[in-house]
Amino acid sequence: MRETKTKDGKVLTRTSTGYWTELYTLDDGRYITAEELALRLETTSHTARARLNKSSDPNKIFRSVKQINRSGNDRVDSNWMDGKTWYKDPLVKLMLK
């Protein structure tokens, strides 16, 4: 059992080094700290903390960093030009004149 305390509405737990860190609750009821997630994903604690602050869905949080980088954004942005035919765009031609 972890040693916990509540401060400003956040649940804190003591780490192995003796510092207090925030304990996050996932949708499936599990508890995890940013440092534990960082070790599991083999990434930095900053990345893990950002994921935990953004979502509490275990599928999003535990997805590997490599999968996210390969898949890119979840949404498709239609404002980007095609990398192979960008020079055929009339506005690009006008800009380059």
Could you tell me which of rounded, prolate or oblate describes region 4-71, using a ≥ b ≥ c as the square roots of the eigenvalues of the alpha-carbon gyration tensor, with rounded for a/c under 1.5 and, failing that, prolate when a/b is larger than b/c and oblate otherwise? prolate
Region 4-71, relative contact order [Cα under 8 Å, separation at least 6], %: 20
For Val11, what residues show an amide H to amide H distance below 5 Å, using hydrogens built from the backbone and excluding near sequence neighbours? Leu23
Along Cα→Cβ, 7 Å out, is where each label goes; now give me the distance between the ones at Ser16 and Arg40 in nm to one decimal. 1.6
With θ set to phi - 60°, apply the Karplus curve 6.51 cos²θ - 1.76 cosθ + 1.60 along region 83-97 and write out the HN-Hα couplings as whole Hz, x wherever there is a Gly or Pro. x, 9, 10, 4, 6, 7, 5, x, 5, 5, 4, 5, 5, 7, 6
Difference of contour (0.36 nm per residue) and Cα-Cα distance, Arg63 to Arg2: 19.4 nm
With r defined as the distance between the Cβ atoms of Asp89 and Asp28 and R0 fixed at 30 Å, what FRET efficiency is calculated, to the nearest 0.05? 0.05
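Laboratory data are not the source of any read-out in this text; all were calculated from the coordinates shown. Computed from a prediction, not measured in an experiment: that's the story for all the values here. Using ideal geometry, Cβ is built from the backbone for each residue, glycine included, and neighbour counts are taken over all protein chains shown.
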